[in-house]
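To start, the structure under review is shown below, and the notes come after it.
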Amino acid sequence: MCGIAGFIANSQNKLELKSIAKKMVDMIGHRGPDDSGCVDTDSGFFLHERLSIIDPFSGSQPIHDKKNKLILTVNGEIYNYKELRSKYSNYEYQTGSDCEVINAIYTHLQKNEFNGNKDVCPEMTKDNIITLFDQLDGQFSFVLHDMEANMTLVGRDPYGITPLYYGIDKEHNI
């Protein structure tokens, strides 16, 4: 089982947050002995400890889309990923990971919401978020950060099989 950690930073003291994020990921390192990943953005830090099961060669996380606007880190498994990869075959997959279908669905829904208008970077609607989750069959928790829209979507499977905890510090960092 993998481990995910990170910050969505509202504070200007990112150096301190980076130190805390490093301690967080060190505490969950045993959950993913095969690989570690970290993405540092203006909005925060997204970290992943990986246990390689599906796509051990190119499925390292966090996963980016081709345009490098989406950052996805996941703990879990999407059971129906082959079906979803076929359904969303227009998405340019960067890995063989089962989890990358989350990026594909998100991209599809966001594009369709605004008829492909590339100048619009809206937040996802409630209905589209529900549509995204309704399509995922699996056990998972994930953080998907859209750098263009400056939006972060955090979620888990409806049964809560994988742990997902969050907190807000005194500076309102999540």
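The values are calculated or read from the model by the stated rules, or taken from the named source; none is laboratory data. Note that the coordinates shown come from a computational prediction; the quantities given were computed from them, not determined experimentally. Heads up, the Cβs are rebuilt from the backbone with ideal geometry, glycines too, and the neighbour counts pull from every protein chain shown. The accessibility values were calculated without ligands, DNA or RNA, using every heavy atom of the protein model including side chains. Shrake-Rupley method; radii C 1.70, N 1.55, O 1.52, S 1.80 Å.
Which one is surrounded by the fewest Cβ atoms within 10 Å (Cβ to Cβ) among residues in the range 138-168 that are in contact (Cβ under 8 Å) with a residue 40 or more places away in the chain and more than 24 Å from His64 (Cβ to Cβ)?
Pro163
Filter the range 16-39 for residues that are open to solvent by 80 Å² or more (accessible area, probe 1.4 Å) and either within 16 Å of His145 (Cβ to Cβ) or modelled with pLDDT of 70 or more (or both) and give the result.
Answer for the range 16-39, where residues must be open to solvent by 80 Å² or more (accessible area, probe 1.4 Å) and either within 16 Å of His145 (Cβ to Cβ) or modelled with pLDDT of 70 or more (or both): Glu16, Lys18, Lys22, Lys23, Asp26.
Among the numbered criteria (1) modelled with pLDDT of 90 or more; (2) farther than 16 Å from Gly3 by Cβ, which one does Arg156 miss?
(2)
Given the structure, is Phe114 in contact with a Pro (Cβ under 7 Å, 6 or more places away or on another chain) and either modelled with pLDDT under 85 or closer than 22 Å to Val39 by Cα (or both)?
yes
Based on what the data block shows, is Ile78 open to solvent by less than 20 Å² (accessible area, probe 1.4 Å), within 26 Å of Ala9 (Cβ to Cβ), modelled with pLDDT of 85 or more and not polar (S, T, N, Q)?
In short, no.
What number goes with the only condition from (1) at pLDDT 80 or above; (2) loosely packed, with under 14 Cβ neighbours inside 10 Å that Leu84 does not pass?
(2)
Read through the list (1) at pLDDT below 90; (2) open to solvent by less than 50 Å² (accessible area, probe 1.4 Å), then give the number of the only condition that Glu100 fails.
Just one mismatch for Glu100, condition (1).
Taking the range 117-132 on its own, how many of its residues are open to solvent by 50 Å² or more (accessible area, probe 1.4 Å) and modelled with pLDDT of 80 or more?
Within the range 117-132, residues that are open to solvent by 50 Å² or more (accessible area, probe 1.4 Å) and modelled with pLDDT of 80 or more number 4.
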